[in-house]
Amino acid sequence: MKIISLLGSPHGHKGNTARLLFHVLEGAKTEGAKTETIVLAGTNVLPCLACDTCHRKGRCPQKDEFESIKERILEADGLVLASPNYIYSVSAQLKAFMDRCCGVIHCMAFEGKYGASVVTSGGGDEEPIAQFMNHFLITTGVIPVGSVWATMGTIAGEDFPEEIQKKALDLGKKLVRSWNEKAVISEAEEVRRSFEERMRRLMLYRKEDWPYEFEYWRTHRGLG
């Protein structure tokens, strides 16, 4: 299994979010996975310009790394999102990537991949952010298998408590095993089916405006 992880922390590989992500990826590696981490630095993926080009032509015209990152995800089997809690949401760096995925979401183009979410904070409120990240994964077609988080203000010393480390390692293992077994996550599947039907109706409604996406649905999803 090849896993791409997107790290949306301004601290990059030196931050708490990266350290927690590392434990998840270590768990995945024990199950035989290969991993690659991409740091979203705020300059390699710029904010969406709402130009609609991705809907009409299938690619974003901005001259940054978004399209190359998207291609690497398309070639992978798993996607892990990692972000600190920034005012009750993901970081701006990760949110910019999410916003740029509007075309991916309309086509649910990451279908068949499995994923997970990682969150850290100073004082708490991580769970709603992890839920938001996993919901985003579902709308791209990814099947999330879970999440892990840590409240740094409650942790003494430099290492995560064994309980959190184990949860992160187990999440990485679960990610690989779920992919190997092609596991069906019932809660995620219910959301996915509902969202797919919503996108199907949208494609029919906007088929003249968004020719690339309408054709994608005709070719890959049997839209009549």
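The values are calculated or read from the model by the stated rules, or taken from the named source; none is laboratory data. Model, not experiment: these values are computed from the prediction. No Cβ is skipped: glycine too gets one built from the backbone with ideal geometry, and neighbour counts run over all protein chains shown. Areas reflect the complete protein model, heavy atoms only, side chains present, ligands, DNA and RNA absent. Shrake-Rupley method; radii C 1.70, N 1.55, O 1.52, S 1.80 Å.
Brief remarks follow.
- Taking the longest Cα principal axis of the chain as reference, the axis of helix 16-30 is set at about 80 degrees.
- Lysine pairs meeting the criterion (Cα under 30 Å, 8 or more apart or interchain), as found in the range 68-224: 25
- When nucleic acids and ligands are ignored and a 1.4 Å probe is applied, SER186 ends up with an accessible area of around 90 Å².
- Protein accessible area in the chain, 1.4 Å probe - carbon and sulfur %: 50
- Filtered GluC sites (Glu not before Pro), the range 126-224: DSSP coil and at most 13 other beta carbons within 10 Å: GLU158, GLU208
- Angle in degrees between helix 66-75 and the longest Cα principal axis of the chain, rounded to the nearest 10: 80
- Toward the positive end of the charge dipole of the chain, with +1 on the Cβ of Lys and Arg and -1 on the Cβ of Asp and Glu, the farthest Cα among ILE138, SER9, PRO84 is that of ILE138.
- Three semi-axes describe the equivalent ellipsoid of the range 32-142; taken as square roots of 5 times the Cα gyration tensor eigenvalues and ordered largest first, they are 22, 17, 13 Å.
- Accessible area (Å², 1.4 Å probe, nearest 10) - TRP149: 70
- Cα long-axis angle, helix 211-220 against the chain (0 to 90 degrees, to the nearest 10): 80
- C-alpha center-to-center spacing [the range 49-78, the range 160-206] in angstrom: 22
- Accessible area of the chain divided out per residue, in Å², using a probe of 1.4 angstrom: 49
- Relative contact order [Cα under 8 Å, 6+ residues apart], the chain, whole percent: 25
- Inter-probe distance in nm under a simple model that places probes 7 Å from Cα toward Cβ, at HIS135 and TYR205: 1.8
- With a simple spin-label model that places each label point 7 Å from the Cα along the Cα-to-Cβ direction, the separation between HIS13 and ASP64 comes to 2.2 nm.
- The simple Förster model, with R0 at 30 Å and r as the Cβ-Cβ distance, assigns THR30 and GLU75 a FRET efficiency of 0.85.
- Of all aspartates and glutamates in the structure, the ones whose alpha carbon falls short of 19 Å from that of LYS63, not counting any fewer than 8 places away in one chain, are ASP52, GLU71, ASP99.
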